[in-house]
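Worksheet: one structure, shown below.
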Ligand code: 6LW
């Protein structure tokens, strides 16, 4: 027995899906425009999650070109059947509905390799897959209603999956439009069968303050589904914005080896006002059953700060994704790049990377020279040691990224005479504003340490000059302008190394000698 602290995965790990095989749980979350995509975690106690790989981790597996921020991979579902892992997901391109769509991938080892996508040829988002005990498989998902009664009314559709051909077959059934009339986006649907009854879990109200989890049940998989009269069965929407956890929704259920039931779900932790820079995180909630219905967080009715897990060892080892501190080496599974794999952007070199400059900037819907880590802690230092022989107009340094329209840069640049400056810039809503600058002395290609010190909503941008001279603050960026409450979209913040030639042809290769991620407290 052990007390497990929520969230179990801090930082931008939204839309969690979970399944258990034997004594081992596997969990996958959404990754949008970042690659590698869809991290796979393993746990035996639901508390400490070790990342074992990614579902999308090789060139050509999916095409991300032109996919703007907060497009890309949404809401996966992971299931295991007859020795095979099945993953269904959606590749979203907001500009072009005909591109991407819902797909299925398979693997015998969840750490990979995963297959190429098998496109399902259906529209909408948030696909899920259910294996019935009669051997039949069913895919379901969410889509906008063709003739809606209210704005963003959606419906959960269901079709049978032929496991031999991986094609959808037979008639389509519409199961559910949400528990509350007028609620937007009945999404993240998952079907389960418990004691002979079919249960449909879905989130609704949008993935912000009104998010909620509802449940319906039926005698047959195709319905009719009848909602629980107590719906929503878990939400924090009635608590207002001034609480520690908001936006509770998008749950998936699993059962422990001891028969206990659990939900993983997403929620956000606002701080420094109503802003949640860490994004939508993964939480764990106990579930019991009463009168044939699931009860989430029984006796409490909200996401607990700590959860008692009977089969977790005491004390629980630190969550793999939350406790690591120090140099993040190139082999670390936390590294991600934008619209391309890290290996397409940089080459490992010692503790760091060789990072060729690209003409692309972070503001372009393209592949930038950016290698990033999720901000998983409110108070954290991210230190980037860079060196490069820069041509005029080129830059290398660090970035705090929300999207192409919203990010903060702290970079070394060179002017025509070869003098170097450190410049802090805030791109907000697509408009760049210089926050501060500092002249750099020392050798033109000497290493410079750039640090972002996140303290609550202050993002202090600091340079430690060549020769270990003392730290100087170049500017302090306001984190309240960077989270999705301020910018829209679905993501938390990423921090990491960045370089660009600002649109010019270039052959400059920057050295990122080291990146450290050091949480405080
Ligand atoms: C996802 C939907 C949601 O498709 O947000 O909170 C969307 N839930 O289910 C993007 O993560």
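Bear in mind these aren't lab numbers, they're just calculated from the coordinates by the rules spelled out. Source: prediction; values computed, not measured. Heads up, the Cβs are rebuilt from the backbone with ideal geometry, glycines too, and the neighbour counts pull from every protein chain shown.
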Considering the zone a paramagnetic label at residue 288 would reach in this model (a point 7 Å from Cα along the Cα-to-Cβ line), which residues of region 236-262 have amide N under 12 Å from it? 261
Whole Å is fine, so just give me how far the alpha carbon centre of region 75-113 lies from that of region 158-184. 16 Å
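Between residue 164 and residue 274, take the C-beta separation as r, use R0 = 45 Å, and let me know the FRET efficiency to the nearest 0.05.
Working from the Cβ atoms, E equals 0.35.
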Projected onto their principal axes, the Cα atoms of region 218-339 stretch, largest extent first, over whole-Å spans of 53, 38, 35
Label point distance in nm, residue 244-residue 197, each placed 7 Å from Cα along Cα→Cβ: 3.3 nm
Can you compute the label reach from residue 237? Point 7 Å from Cα along the Cβ direction, backbone N cut-off under 15 Å, restricted to region 255-290. none
Gain on full stretching of the segment that runs from residue 349 to residue 439 - 0.36 nm per residue minus C-alpha separation: 29.6 nm
Do you know the relative contact order of the chain, to the nearest whole percent, from alpha carbon pairs under 8 angstrom that are 6+ apart? 15 percent
Extending each Cα 7 Å along its Cβ direction at residue 123 and residue 111, get the distance between those two points in nm, one decimal. 4.2 nm
The Cα radius of gyration of the chain, divided by 2.2 N^0.38 Å with N its residue count, comes to 0.98
State the Cα centre-to-centre distance between region 386-438 and region 241-297 in whole Å. 39 Å
State the extension gain, in nm to one decimal, for the chain segment bounded by residue 366 and residue 419, taking 0.36 nm per residue of separation less the distance between their alpha-carbons. 16.1 nm
Residues in region 297-313 near a label at residue 1, defined as backbone nitrogen under 11 Å from the 7 Å Cα→Cβ point? 308-311
If Rh is defined by the Kirkwood formula over all Cα pairs and Rg also comes from Cα, what ratio Rg/Rh do you get for region 326-519? 0.92
With a point put 7 Å past each Cα toward its Cβ, work out how far residue 305 is from residue 327 in nm, to one decimal. 3.7 nm
Plugging the Cβ-Cβ distance of residue 219 and residue 255 into 1/(1 + (r/R0)^6) at R0 = 25 Å yields, to the nearest 0.05, a FRET efficiency of 0.70
